[in-house]
Structures are given as structure tokens and as C-alpha cells.
Amino acid sequence: MKGIKYTIEEKNNIVIESLNGSFTKQDIIRKYSITSRTMLDNWIRQYKVFGTTTDKRGRPKKEASQETGYDGMTKEELIRELKFRDDLKKALVYLKMRKTNTK
């Protein structure tokens with residue numbers, strides 16, 4: 001069975017409602033007739049990474065890149081920003097591992 005096609009705005013609103021914690025994920029899935037929990041989880045992951053849900057190709061819509069300011073960056077600035085984010089992710093993983101090893 002094919003599900004309903006949601007716009008990016010509708011997906012974002014559904015994700016925000018889910019993240020607010022007023023309803024369980026299962027309640028949200030039923031309320032909006034979402035075909036699977038995985039689909040909702042993917043939307044939530046995209047929202048957390050990009051600040052918006054993404055189109056079918058997995059790239060953020062143009063509005064999202066403008067909000068982050070990436071459009072105005074030079075190639076070198078963008079590379080520096082992405083390396084910085086990667087370093088933050090590595091540090092987070094390290095701290096999580098360190099925390100689990102101390103227990």
C-alpha cells in the first residue's frame with residue numbers, strides 16, 4: 001500500500017510535534033497515517049542533521065542551506081566548517097566511549 005506524500009513543511013511540522021513529546025511516535029504514525037516507524041525516524045534524523053527534512057535525494061532543500069549560511073561560504077570556509085563538525089562528532093564519540101568505560 002502506498003502512503004500519503006507529505007510536503008517538506010508537513011514533514012517538519014510532524015517531526016516538531018513528535019519531538020515535543022506530547023505524543024508517542026506510534027500516536028504520530030497513526031494520526032498522520034505514516035507507513036512505518038522507520039520513515040518517521042528518518043524524518044527526525046534528517047531534521048536533526050539538516051534543520052529540516054530532506055527531499056528524496058537526501059539533500060536539504062535550498063532554504064535549509066541558506067539558513068545555515070553555507071551558500072555564502074567559499075570552498076575553503078565550507079571545508080573548514082565541515083572538518084570542525086567532524087571533529088566535534090569524533091569528540092562526542094570519544095566522550096561517550098570514555099563514559100561507558102568508567103561505569
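Figure legend. Inter-residue proximity from the stretch 1-30: first residues under 17 Å from THR52 (Cβ atoms), second residues of a type in the set (S, T, N, Q), beta-carbon distance below 8 Å, spacing 6+ or different chains. Indicated pairs: ILE8/THR52; ILE8/THR53; ILE8/THR54; LYS11/THR53; ASN12/THR52; ASN12/THR53; VAL15/THR53. Counting only residues that are surrounded by fewer than 12 Cβ atoms within 10 Å (Cβ to Cβ) and at pLDDT 90 or above, the stretch 32-50 holds 2 of them. Of all residues in the stretch 1-14, those that are assigned to a helix (DSSP H, G or I) and either surrounded by fewer than 15 Cβ atoms within 10 Å (Cβ to Cβ) or more than 15 Å from the chain's Cα centre (by Cα) (or both) total 3. The listed residues are GLU81, GLU17, and the only one of them that is among the charged types (D, E, K, R), at pLDDT 90 or above and surrounded by 14 or more Cβ atoms within 10 Å (Cβ to Cβ) turns out to be GLU17.
The values are calculated or read from the model by the stated rules, or taken from the named source; none is laboratory data. Everything numeric in this text was worked out from a predicted model, so none of it was measured. All Cβ positions, even for glycine, are placed from backbone atoms using ideal geometry, and neighbour counts span all protein chains on display.
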